[in-house]
Structures are given as structure tokens and as C-alpha cells.
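J.: Provided herewith is a single structure, encoded as C-alpha cells, for subsequent inquiry.
What follows is calculated from the coordinates using simple rules that are stated; it is not laboratory data. Remember, it's a predicted structure, so these values are computed and weren't measured experimentally. A quick note on method: Cβ atoms are made from the backbone with ideal geometry, for glycine too, and the neighbour counts reach across all protein chains shown.
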Amino acid sequence: MYEFLLGFFLIFTPVYAESIPDYDDPFAPIFTDKSIYSWTDKIIISVIAPSWNSNPNQIDSIGESESHPIKISSGENFLKPYRLTETFSNSGIFSGEIILTGFFT
């Protein structure tokens, strides 16, 4: 009985993101596929941002504008601009990949 209630809760739990994007103080959960990476791993990034789904009939992208860029950095190195693409039309879930490289010693 408890397992059914827990499953019901997880399936119907609402996603907390803004209905209208507040670019000065955004709230969109960011997830990666793992918690620890080695030097040459691929990182898969997902952002849940249904308010940034501007066209429900096509696959949208975020981060490519100069006024609202996505910045990826690690120490002295950075990727800019970086774009995340919606996983499928009208999903509001945006995803991208980064392949890590080692450094010279």
C-alpha cells in the first residue's frame, strides 16, 4: 500500500519552475547524469525550464543570446556561448553534452 502511494506521489509531483521567465532571478533545476567525472568523461546536463518553452510546436534552444548566455566553466577554461536544446517539442526540458579533456602536467 505504501509503495503505491509513494509511486503516485512521485508521478504527480509538480515541477517547480516559473511560468514567466525572470531573467534577473531565474529558477530552473539543473541536473547532471553523474556526481563525479573523470578527465575524459562526457557530462550530460539537463535543465527543467518549462517557462522557456517558447513554441510548443517546435524544439526550442536556450543560451544562445548575448543577453542570456549559458556559461560553462572549470577553473581557467570556459565554453561561451553554450546552447541547450529542448529534448522534444513542448517538453520544457533542455539538454546538452560536454566532453571533458585532461590537461598537460
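J.: Along Cα→Cβ, 7 Å out, is where each label goes; now give me the distance between the ones at Glu66 and Ser91 in nm to one decimal.
T.: Placing both labels 7 Å beyond Cα along the Cβ direction yields 3.1 nm.
J.: Treat each spin label as a single point 7 Å out from the Cα along the C-beta direction, and report the Ile30 to Lys42 distance in nm.
T.: For Ile30 paired with Lys42, the spin-label model returns 2.1 nm.
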